[in-house]
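Take a look at the structure below.
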Amino acid sequence: MNSSVNRRDFLKGAGAFAIAASLPISLVELAFADAAENFTFAYISDAHIQHISGNKFVRNWDRGLIRAVAETNLLNPKPDFVVFGGDLAQLGNKPELDHGAEIMSALRYKTHYVMGEHDYYLDMGAYWEKLFGPQYYSFDHKGVHFIVLNSIRTYDDWTYNRWPSAEQRMLEMAGLDNPNGSPFMVGEEQRKWLKGDLDKVKKTTPVVVLSHSPLQKIYKGWNFWTEDAEELQGMLKPFNKVTVLYGHVHQIQYNQIGNISFNSVMATAWPWPYPQSYAQAESHLPKLTVPMNRADPFFERDATGWQFVNLVSGKADMSFNLYNNSTRTVKFNPETGRPEDVAYQGESQRIAPQTHY
């Protein structure tokens with residue numbers, strides 16, 4: 001298996017990328033005017049390790065993470081580090097987090113962890129911190145300032161006063177399209193910390209924010225939503241080059257709000273379809289080009305995959321390889337000032353939803 005990453009050949013769709021359709025990771029390249037300053041990192045997200053009993057786990061999900069880790073170790077050139085984007089566990093319990101941590105321990109790189117809601121709401125992240133460290137932090141790498149946020153907190157009343165047990169709270173937050181859920185947020189505590197952190201960074205420094213939720217308001221019914229998104233965007237507005245990379249949505253999304261480029265990464269577990277109604281926050285929506293409803297519910301990897309991200313002057317060019325679908329490339333168009341899908345922008349060029357199930 002050839003795991004060598006050659007960006008030029010990849011963007012041409014070369015056949016040398018034999019693994020492209022099976023890599024459930026994201027390789028991210030930060031490109032600068034001086035090519036010697038370029039570096040890459042791998043991005044794995046949304047494993048959803050689920051415990052059954054004893055030493056048994058849902059095989060579909062842990063197999064996806066095991067494969068992602070193994071293929072990340074084979075990448076050439078080697079990434080400088082790895083990011084895990086959240087939702088390592090499904091219900092946040094010790095067996096799930098321990099099993100996920102054991103799988104991730106096989107990585108041969110420094111790994112930075114982002115917390116997801118499935119990791120958090122059983123014990124408010126206490127066991128996660130023992131395994132992986134703080135829930136939010138920042139670091140610098142080769143002239144880029146990285147910020148890791150816990151973006152899946154919510155209102156104190158929902159968190160502490162509403163549920164008879166921690167297990168019930170976790171189940172409620174884990175449910176999709178659940179009317180008992182609550183919107184995500186970063187919260188006042190972290191916003192104060194973020195302001196202090198950003199105050200130390202020059203406005204010309206490239207900033208990359210790693211969050212689990214999108215730091216946008218996309219679709220509240222599915223909690224593709226961050227309640228204090230506008231406040232966070234306001235803090236990032238003074239910087240010349242800002243990119244937000246997020247998991248959670250299990251699908252391809254991209255957007256541009258002011259100076260901030262937003263890009264999702266896909267999951268190693270399963271894909272979500274696009275919501276069917278977008279009336280809640282139309283002005284914030286990414287350009288949704290190919291409906292990603294499940295083409296085959298009996299194929300657990302359908303519509304998962306990986307993408308190669310090239311950040312040029314703070315604007316992301318992304319190439320996606322999808323199972324049973326055409327390779328897609330999303331590039332920032334300086335003429336329109338937003339990311340665009342190079343093949344499927346026009347209504348007549350979009351792939352129709354697959355509904356054979």
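So here's what we get for this one:
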item: Exclusive hit being of a type outside the set (S, T, N, Q) and surrounded by fewer than 19 Cβ atoms within 10 Å (Cβ to Cβ), set Gly85, Gly92, Gly143; result: Gly143
item: Segment 73-82 - residue that is in contact (Cβ under 8 Å) with a residue 60 or more places away in the chain and outside any loop (DSSP other than H, G, I, E, B) and, of those, most open to solvent (accessible area, probe 1.4 Å); result: Asn76
item: Scope segment 200-235; condition outside any loop (DSSP other than H, G, I, E, B), open to solvent by 10 Å² or more (accessible area, probe 1.4 Å) and of a type outside the set (S, T, N, Q); matching residues; result: Lys217, Tyr219, Lys220, Gly221, Trp222, Trp225, Glu230, Glu231, Gly234, Met235
item: Failed condition for Leu97, given (1) crowded, with 17+ Cβ neighbours inside 10 Å; (2) touching a residue at least 60 places away in the same chain (Cβ under 8 Å); (3) of a type outside the set (Phe, Trp, Tyr); result: (2)
item: Residue in segment 115-134 that is farther than 18 Å from His51 by Cβ and surrounded by 24 or more Cβ atoms within 10 Å (Cβ to Cβ) present; result: yes
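To keep it simple, each residue is scored yes or no on (1) loosely packed, with under 13 Cβ neighbours inside 10 Å; (2) modelled with pLDDT of 95 or more.
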{"site": "Tyr137", "(1), (2)": "no, yes"}
{"site": "Ile147", "(1), (2)": "no, yes"}
{"site": "Ser151", "(1), (2)": "no, yes"}
{"site": "Asp157", "(1), (2)": "yes, yes"}
{"site": "Pro164", "(1), (2)": "yes, yes"}
{"site": "Glu167", "(1), (2)": "no, yes"}
{"site": "Asp177", "(1), (2)": "yes, no"}
{"site": "Arg191", "(1), (2)": "no, yes"}
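The values are calculated or read from the model by the stated rules, or taken from the named source; none is laboratory data. Everything quoted here is computed from the prediction, not taken from an experiment. Note that each Cβ is placed from the backbone with ideal geometry, even for glycine, and that neighbours are counted across all protein chains shown. Side chains are part of the model used for accessible areas, which takes the heavy atoms of the whole protein and leaves out ligands, DNA and RNA. Shrake-Rupley method; radii C 1.70, N 1.55, O 1.52, S 1.80 Å.
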